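One structure is given here, and the rest of the page talks about it.
The values are calculated or read from the model by the stated rules, or taken from the named source; none is laboratory data. From a predicted model like this one, the values you see are computed outputs, not experimental measurements. Please note: Cβ atoms are built from the backbone with ideal geometry, for glycine as well, and neighbour counts cover all protein chains shown.
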Amino acid sequence: MSNQVNRRLFVKLGIMGLTAAPLGKLLIDRPVQAASAQRTGSKDVPKVDVNDTQAKAIYYAEDATLANGSFRKSDDQFCHNCHHYSGREGVLWGPCAIFSYRVNKDNKSLLVSANGWCRLWGPRSA
Ligand code: SF4
């Protein structure tokens, strides 16, 4: 009796493992691919379009050095040191709270350039 229970349990766990393994790989691979694209600046990154109406309204530029100089008060203002930015250090693209609700056609959140800037820039607290 005990051997039958153990065998059934063994078979159940085996089936669960076979089912869960591909799902786990899928869940792990996607964020890795997205992070890799964000690090390299690949075209796969879902970026905020600089010609988007909201982006234009706040003078967003992917390259802060090309931003509207009359609003950018200091050369050390970038998305990566803005309090609205939550991208990881060393990554070229990251989330901005201002665009947090914006997604592309594939329902992926739009990211801003770590080296970008807009007129809503604010310093991060220490
Ligand atoms: S709010 Fe900050 S992080 Fe967002 S686009 Fe403007 S400068 Fe960049």
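Quick look at the numbers
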read-out: Checking Y85 against (1) near the ligand (Cβ under 9 Å from one of its atoms); (2) surrounded by fewer than 17 Cβ atoms within 10 Å (Cβ to Cβ), the condition it does not meet; value: (2)
read-out: Pair list, Cβ < 9 Å and 6+ apart or interchain, from segment 98-123 residues that are more than 23 Å from S74 (Cβ to Cβ) to residues that are assigned to a loop (DSSP other than H, G, I, E, B) and of a type in the set (D, E); value: R102/D52; L110/D49; L110/D52
read-out: The lone exception for F99 - which of (1) more than 13 Å from the chain's Cα centre (by Cα); (2) modelled with pLDDT of 90 or more; (3) not hydroxyl-bearing (S, T, Y) it fails; value: (1)
read-out: Subset of segment 66-87 [without any contact (Cβ under 8 Å) to a residue 24 or more places away in the chain and closer than 24 Å to D44 by Cα]; value: L66, S86
